[in-house]
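The values are calculated or read from the model by the stated rules, or taken from the named source; none is laboratory data. From a predicted model like this one, the values you see are computed outputs, not experimental measurements. Glycine gets a Cβ as well: all are built from the backbone with ideal geometry, and neighbour counts include every protein chain shown.
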Amino acid sequence: MKKENMCQDEIEQQIINKVTPTKKDREKLEKNIKEIHEKIEEEVKKKKLPVKIELVGSTAKDTYLKDNLDIDFFLLFPLSFSKNEIAKHVLSIGKKILIKTEESYAEHPYIRGYYKKYKVEIVPCYQIEKAIQKLSAVDRTPLHTRYIKKNLKEKQKKEVRLLKQFLKGINCYGAEAEIEGFSGYLCELLILKYGSFRKLIQQAQHWKPGETLTLTSNDKQHPVFDTPLTFIDPADSNRNVASALSKEKFELFIKACQEYLKKPSITFFFPNPVKPWSIKKIKNKIIKEKMYFIGISFHKPDIINENLYPQIRKTVKTIYESASKQGFTIHDITYHVGREKIYIIIKTDAEPLTETILHMGPPVKLKKNSKDFLKKWQGNSRVVKEPYEKNGRYFVEIKREYRNLKSYLSSELKKLSLGKNIEEIVKSNYELLDLKDLLIDELKKFWTVYLDGKMSWER
């Protein structure tokens, strides 16, 4: 049977079969979880720590995808311990049990690494019974795990897996800074809310920005969040579980729901890989469409993704806003994160701006402002036409400081307020790139996705 002729039920059953762990997978995972638990317990006893060891996340809730799972252990400390103490103990325990370890930071340090081939995180938190007792955001995580284990029906686990794989396929799965999508916990709550994957997407296709969802009547009293989607956390009514979801990913999910319901396809869940165009094809497309690009490249800071991506977005926003204030038209500004370098790619106009600009001053009746305006511009070397009155307001015609975007960035980029670590790198070294510098093998996949105009499921 051809994929395109398969009905929605057949597609979804095929996906469920593919992403659900087999009995053998489960036995292997459970054996390793038991081993890790025992090793943590041994270290805890050696240190005589009064902690509770708890498995959390999708492996604890049995909602993990067969080929995409993390083993997350939380060590629950009494409130009498300081944050420094709990962090120190967990880092030391993690280094004894895991290999290829890496210290990471939420509101306090935790450790991630590998046990055999499994990715494992060991996280310290405080033992609480209600969210109001929390001392840091991670303290709620065990409450989330308990809530889902108590309320999610066995038959709904496959619906969660279906939703997670759908989101993975359209690049909307994960609340981390790189993705800005749906967390695993949000997926589970959405299935609890709507009952099934099918019912969720039927409703989600009609969502509008500002959509607010709750599970119980107790959740009705909550703060208002300025986010595209709000889902009130049943474990903490002051928290929005969807706070990490960006406007772009919210809109992409709605579009994917609409398109999938019109024409179901396996490619929504498992998209075909991007086949990069040749440099010649990319160049011809850009020339044919009369597009003009310039780029900026600099070395990637050696920081974790959770810190890197917000800094890149801040940098992109700052460049867009400052260039727009100078009168440059920015049709689009985007970025690509390579192995060693970051590229910021700007679509703008090829033609330089006019030599002069008419600068509007204050109304004549505002005496002090008018005096300051006249003082600033009379005799200024950039003035082409001295300040004059028109319709009760002052104007002055001046020479532009910069007529093309590249010269503006060359002079001003180092002065702009960029992401902290990016700013340090840019101040020491960066490159401004023309189109020929951007037509390189490293960017072939970027250009293909950017120029072909296809959604992931259409390829």
Scan of segment 141-165 for residues that are farther than 18 Å from T216 by Cα and touching a helix residue (DSSP H, G or I) at 6+ places or on another chain (Cβ under 6 Å), ordered by number
Q156, K158, E159, V160, R161, L162, L163, K164, Q165
Among the residues of segment 315-330 satisfying the criterion of being within 27 Å of N305 (Cα to Cα) and surrounded by fewer than 14 Cβ atoms within 10 Å (Cβ to Cβ), which is nearest to the chain's Cα centre (by Cα)?
K317
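Within segment 69-80, which residues are surrounded by 21 or more Cβ atoms within 10 Å (Cβ to Cβ), touching a Pro at 6+ places or on another chain (Cβ under 8 Å) and free of Cβ contacts under 8 Å to residues at least 60 places away in the same chain?
Initially, segment 69-80 is screened for residues surrounded by 21 or more Cβ atoms within 10 Å (Cβ to Cβ), giving 71-75, 77.
When the remaining residues are screened for being touching a Pro at 6+ places or on another chain (Cβ under 8 Å), the result is 74-75, 77.
Across segment 69-80, the qualifying residues are L75, F77.
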So which residues in segment 178-229 are among the polar types (S, T, N, Q) and either modelled with pLDDT under 95 or in contact with a Ser or Thr (Cβ under 8 Å, 6 or more places away or on another chain) (or both), if there are any at all?
T212, T214, T216, S217, N218, Q221, T227
Which of the residues belonging to segment 285-318 are closer than 14 Å to Y450 by Cα, in a helix (DSSP H, G or I) and not charged (D, E, K, R)?
I286
So T334 passes all but one of these: (1) polar (S, T, N, Q); (2) buried (at least 18 other Cβ atoms within 10 Å of the Cβ); (3) in contact with a strand residue (DSSP E or B) (Cβ under 8 Å, 6 or more places away or on another chain). Which condition number does it fail?
(2)
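Looking at G169, G113, G174, which is the one that is among the small types (G, A, S) and out of contact with any strand residue (DSSP E or B) (no Cβ under 9 Å at 6 or more places or on another chain)? Give the steps one after another, and end with the answer.
On the way: G113 fails: out of contact with any strand residue (DSSP E or B) (no Cβ under 9 Å at 6 or more places or on another chain); G174 fails: out of contact with any strand residue (DSSP E or B) (no Cβ under 9 Å at 6 or more places or on another chain).
Going through G169, G113, G174 in turn, the sole match is G169.
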Any residue that is under 30 Å from T315 (Cβ atoms) and surrounded by 15 or more Cβ atoms within 10 Å (Cβ to Cβ) - is there at least one of those in segment 355-367?
yes
Single unsatisfied condition, R339 versus (1) in contact with a helix residue (DSSP H, G or I) (Cβ under 9 Å, 6 or more places away or on another chain); (2) more than 20 Å from D441 (Cα to Cα); (3) at pLDDT below 95:
(2)
Filter result (under 21 Å from the mean Cα position of the chain (by Cα), not in a loop (DSSP other than H, G, I, E, B) and not polar (S, T, N, Q)) within segment 441-459
L443, K445, F446, W447, V449, Y450, W457
Would it be correct to say that F270 is part of a loop (DSSP other than H, G, I, E, B) and surrounded by 16 or more Cβ atoms within 10 Å (Cβ to Cβ)?
yes
For segment 21-46, pairs from a residue that is part of a loop (DSSP other than H, G, I, E, B) to a residue that is surrounded by 10 or more Cβ atoms within 10 Å (Cβ to Cβ), with Cβ under 8 Å and 6 or more apart or across chains, are P21/L29; P21/Y64; P21/K66; T22/K66
Quick one: L245 ticks every box in (1) over 19 Å from Q133 (Cα atoms); (2) surrounded by fewer than 18 Cβ atoms within 10 Å (Cβ to Cβ) except a single one, so which number is it?
(2)
Taking segment 186-199, which residues are touching a residue at least 40 places away in the same chain (Cβ under 8 Å) and under 21 Å from Q8 (Cα atoms)?
C187, L190, S196, F197, R198
Would segment 314-325 turn up any residue that is touching a Ser or Thr at 6+ places or on another chain (Cβ under 9 Å) and either assigned by TED's automatic domain parsing to the domain that holds E102 or among the basic types (K, R) (or both)?
yes
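Could you list, in sequence order, all residues of segment 144-155 that are surrounded by 19 or more Cβ atoms within 10 Å (Cβ to Cβ) and assigned to a helix (DSSP H, G or I)? It would help to see each step written out before you state the result.
To start, the set of residues in segment 144-155 that are surrounded by 19 or more Cβ atoms within 10 Å (Cβ to Cβ) comprises 144-145, 147-148, 152.
Selection gives H144, T145, Y147, I148.
Listed here are the residues, each with its yes/no results for (1) surrounded by fewer than 19 Cβ atoms within 10 Å (Cβ to Cβ); (2) touching a helix residue (DSSP H, G or I) at 6+ places or on another chain (Cβ under 6 Å); (3) assigned by TED's automatic domain parsing to the domain that holds F166.
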site: E41; (1), (2), (3): yes, no, no
site: V56; (1), (2), (3): no, yes, no
site: T59; (1), (2), (3): no, no, no
site: D67; (1), (2), (3): yes, no, no
site: S82; (1), (2), (3): yes, no, no
site: H89; (1), (2), (3): no, no, no
site: I93; (1), (2), (3): no, yes, no
site: I99; (1), (2), (3): yes, no, no
site: C125; (1), (2), (3): no, yes, no
Consider only pairs whose beta carbons are under 8 Å apart and that are at least six residues apart or on different chains; among these, list those whose first residue lies in segment 1-18 and is at pLDDT below 95 and among the polar types (S, T, N, Q) and whose second residue is part of a helix (DSSP H, G or I) and surrounded by 11 or more Cβ atoms within 10 Å (Cβ to Cβ).
Q8/R198
